[in-house]
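Scroll down for the structure; my scribbles are underneath it.
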Amino acid sequence: RPSYEEMLRFYSYYKQATAGSCQGPRPGFWDPIGRYKWDAWHSLGGMSKEEAMAAYVAEMKKVAQKVPG
């Protein structure tokens, strides 16, 4: 199973590739999971959708290599 950090990277690349740059306000204090997701997505800044798709695939390959065969 991927780590939480890896899952957040997958989430952020997916959102960047499908919805573009993070535009909404940061979730409030009572939504820590939403804040982690927002922070991860927002950290990508102006990355293009194509770059995000490529980064998602690269991250998936990297994680898949760690799985015992």
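Data overview
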{"quantity": "Cross-chain or 6+ apart pairs with Cβ under 7 Å, segment 48-63 first and without any contact (Cβ under 8 Å) to a residue 60 or more places away in the chain, then among the hydroxyl-bearing types (S, T, Y) and part of a helix (DSSP H, G or I)", "calculated": "A52/Y13; A55/Y13; Y56/Y13; Y56/Y14; E59/Y13"}
{"quantity": "Subset of segment 1-54 [closer than 26 Å to P68 by Cα and among the small types (G, A, S)]", "calculated": "S3, S12, A54"}
{"quantity": "Where K61 falls short, out of the listed (1) under 12 Å from the mean Cα position of the chain (by Cα); (2) open to solvent by 90 Å² or more (accessible area, probe 1.4 Å); (3) over 15 Å from E5 (Cα atoms)", "calculated": "(1)"}
{"quantity": "Residue match in segment 7-16 (condition: in a loop (DSSP other than H, G, I, E, B) and open to solvent by less than 90 Å² (accessible area, probe 1.4 Å))", "calculated": "no"}
{"quantity": "Selected residue [among the aromatic types (F, W, Y) and in contact with a Lys or Arg (Cβ under 7 Å, 6 or more places away or on another chain)] from Y4, Y36, Y11", "calculated": "Y11"}
{"quantity": "Cβ-Cβ under 6 Å pairs, at least 6 apart or on other chains, segment 16-40 side of a type in the set (D, E, K, R), far side open to solvent by less than 60 Å² (accessible area, probe 1.4 Å) and outside any loop (DSSP other than H, G, I, E, B)", "calculated": "R26/W38"}
{"quantity": "Matching residues in segment 39-69 - criterion: being at pLDDT 95 or above, farther than 30 Å from F29 by Cβ and not in a helix (DSSP H, G or I)", "calculated": "S48"}
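The values are calculated or read from the model by the stated rules, or taken from the named source; none is laboratory data. This is a predicted model, so every value here is computed, not measured. Note: ideal-geometry Cβ built from the backbone for every residue, glycine included; neighbour counts use all protein chains shown. Ligands, DNA and RNA are excluded from the accessible area calculation, which covers all protein heavy atoms including side chains. Shrake-Rupley method; radii C 1.70, N 1.55, O 1.52, S 1.80 Å.
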